[in-house]
Structure formats: C-alpha cells, structure tokens
Amino acid sequence: MIVESRRVVVIGTGLIGTSVALALRGRGDEVWLADRDAASVRMAAELGAGVPLPENAGPADIAVLAVPPAAVAATLLDAQKRDLARVYTDVASVKSRPLREAAELGCDLTCFVAGHPLAGRERSGPAAARADLFLGRPWALCPTPETTGPALDAVTALAESCGAQTVVVGADEHDRAVALVSHGPHVAAAAVAARLEAAPEVALGLAGQGIRDVTRIAGSDPELWIGILSSNAAPVADVIDAVAADLADTAAALREGGETAVTELLKRGGAGRRRLPGKHGDRAGTYAVVPVLIPDRPGELALLFQAAGVAGVNIEDVTIEHSPGRPVGVVEVSVMPAAAQRLADELRARGWSVPG
C-alpha cells in the first residue's frame, strides 16, 4: 500500500519504538519521539529516528504506543486526551488484556488498532534498534468491532511501510498463538539455561552449538519479559503445562527403559519443526545444507558468498558454529536442493573443505 508522507508520534523509544521510527524516517515520514526517559529520546534522535515531541504539537496522523502491555491502556488514554493523533496503534506482544483495560478506562477504540510486530532482538534499548528489523516479518493487527475501516487502513499502511507483512487476527487468538510460538518457548529456554548456572566447568567446556541455539533467547531482559508473561498468563501457563507433561512422561520413560515413548516425542518434535515456514513461506526442511569448514579470519565469509554468486546459487540461510579453542568454524549454507551440488563443487574448486 503506497501512502503519502505522514506525521507519526512514537511513544516509547526502546528497541521496537526506535526501530519503527527509523524505518518510517527512512521512507520520508516526519517522526516525533516521546518517552519518560529523556536520555532514551536523545539517543533515538541522535540515531536519526526523529525529533523530540514538540510542545503543543498538532495531532499527528498516527501515534505508535511502544510501551509494555501493562502500560498500553493508560498511555492510550493520555494520548487521546492530549489529542496527539487521529489514529493510534501499539506494538505490545499481548493484545486481549490491553484492549480490555482500554475499554474499561473509556478509551476511544474506533481509532485504535492493536498491533504486534513479530520481530525483536536479545538486546534492548534504542542503541539496539534497526531500520530493517521488520523486513519480511509478520505484523499482527487485532481490530475490535469498534475499529473503523480508515483506522485499520492507516495502521496497515504504517506496518507495510516498515517492510512487514500484516496479518489480521482476533486478540484472543493472537494471544494463544504467541503463547505457543514465543512466550512459552522463552520460558522453556530460560528453564534450560537456568540449569547452566551451577553447571561444572567441564560441562560448560563441552557446550556446543545446540545448547547455544536452545538458550539464545534466554538472554533477554527479565523485567521486559515478566511484564509480557504476566499479561498473557493463562495461555502461557497452558503451553508450559503441555511441555512439562511431555518432559515428565519422557523422564519416566527413560528411567523405565521405555524407548518407544521417547522416540515418539522425538518424531513429534521433528514433525512440528518441519511445519515452521522458512523463506518465501517454504518449509524450512525443503532446503539442502552445505557445510563448509571456514578459517576464523577477516574476509572469509565474503569470499564464500562470492563463490556462491559465481556458481549462480542463491543463499537462503546461513548459520555459523565456532569450534571452541580453534581458529576455525563450520558455516552451514542453506540452498535449494538442486543447487547444493553445484555450490559444493565450486567451493571445493576454490580450496574450501566441504564434507560429503
């Protein structure tokens, strides 16, 4: 959807708010920034995300409320009382509770579209923001029966201007979905990572890429996540209960020598993993992986990518696993199956070590 330049207020200059502001500034929108933390606003402004909200500013086209779920309703009410914008949206990762609280406070929901961009990083704050954070990412929009068509159109255009793909979904369905694919997995990752706190040094020295992959998101800000989890408590608890039941059954089977039950869980896990969409909506499992042993020195990745270009192979995804204590690593290059052999041949011809 192509729109004219807009005037947008971003309230909350953390990772998501500043990333939204940077994306909109990149397409020529005028962006005003507001946050209770003046230093955060200054940093976002210095990064080129916009300018501090002027005093007595006239209403903007859209206000983006980039605040935690528990603060959405009060922030919306305050912004509407100040007539900051004609249309309002938020980016919190929980929808039902903020909408319920906004209705109880008497907010005008005709011009509000609850939203949630499914993007983020382990780091927080404006310094971690990126203008391309939302490229190709889903952006859930949860209009209420009161929401007007023009308000939904305006917020849809804003999300698409950030490079996202909008998905219209009910608030309750959204919360159940993110509990399954985001909030519950975060708790599971934290539980696994917590086992490492008192782990012996020998175990840590044997840690490979698997444990790093499983625990990656456990490094996120705990204060941010307690707000998210408490706002979506019941759906997240349901997911945790289900995962805990699978783990308890597996533990019992292992103690009793019941390999069948363990095998069944592993098969179900593989089947579930294969259902996740990859690039272009393809199943991730449709790609072939070409492993390459790569020296840990400047320029090596650039040379590898150059070789793929010479071979006429498009790289769909790439992961890097470092070898602890050694100046080498393994790069796993995901490509379409028909291109895998061509890439491997090109890399071997250039002296790369390609297993298989």
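To the nearest 20 debye, what is the magnitude of the charge dipole of the range 95-216 about its Cα centre, counting +1 on the Cβ of each Lys and Arg and -1 on the Cβ of each Asp and Glu?
Here the size comes out at about 440 debye.
Percent of Cα-Cα pairs more than 18 Å apart in the range 5-102, please.
In whole percent, the long-distance tail amounts to 40.
Remind me, relative contact order of the range 284-349 in percent, using alpha carbon pairs under 8 angstrom and six or more residues apart?
So the answer I get is 46 percent.
Give me, ordered by chain and number, the residues 5 or more places off A140 or on other chains with an amide H under 5 Å from its own placed amide H.
Amide H neighbours of A140: H116, L118, V167.
Restricting to Cα pairs below 8 Å that are 6+ residues apart, what does the relative contact order work out to for the range 43-123? Please round to a whole percent.
Worked out over the range 43-123, it gives 29 percent.
Using Cα-only point scatterers and the Debye equation, what is log10 of I(q)/I(0) for the range 284-349 at each q in 0.13, 0.26, 0.27 Å⁻¹, rounded to two decimals?
-0.33, -1.17, -1.23
Between Q341, P295, V331, whose Cα lies farthest towards the positive end of the dipole of the range 284-349 when Lys and Arg beta carbons carry +1 and Asp and Glu beta carbons carry -1, centred on the Cα centre?
P295
For the chain, build the charge dipole from Cβ charges (+1 Lys, Arg; -1 Asp, Glu) around the Cα centre, then report which of P235, V187, N314 sits farthest towards its positive end.
N314
Can you pull out the trypsin sites (Lys or Arg not before Pro) in the range 193-237 that DSSP calls coil and that have at most 14 other Cβ atoms within 10 Å?
R195
According to a simple spin-label model (label point 7 Å from Cα along Cα-to-Cβ), what is the distance in nm between A199 and E300?
2.4 nm
Using a simple spin-label model with points 7 Å from Cα along the Cα→Cβ vector, what separation in nm is obtained for E223 and E173?
In this crude spin-label approximation the distance works out to 3.6 nm.
Near the amide H of V318, under 5 Å away, which other amide H atoms are found, from residues 5 or more places off or on another chain, if H is placed in the peptide plane?
Under 5 Å from the amide H of V318: S334.
How large is the dipole of the chain about the Cα centre if only Lys and Arg carry +1 and Asp and Glu carry -1, each at its Cβ, rounded to the nearest 20 debye?
Here the chain has a charge dipole of around 740 debye.
Given the options G125, G17, G208, state which has the largest fluctuation in a GNM of the chain using a 10 Å cut-off (strictly under) for Cα springs.
With Cα springs under 10 Å in the chain, the top fluctuation among G125, G17, G208 is at G208.
So if each residue of separation counts as 0.36 nm, and I subtract the Cα-Cα distance between S230 and E46, what length gain in nm does that give?
62.9 nm
Among E316, E332, E300, which one shows the biggest mean-square fluctuation in a GNM of the chain, springs joining Cα atoms closer than 10 Å?
Answer for the Gaussian network model of the chain: E300.
Each value in this text was obtained by applying a stated rule to the coordinates, not by laboratory testing. In this text, all values refer to a predicted model and were calculated from it rather than measured experimentally. Virtual Cβ from ideal backbone geometry, glycine too; neighbours counted across all protein chains shown.
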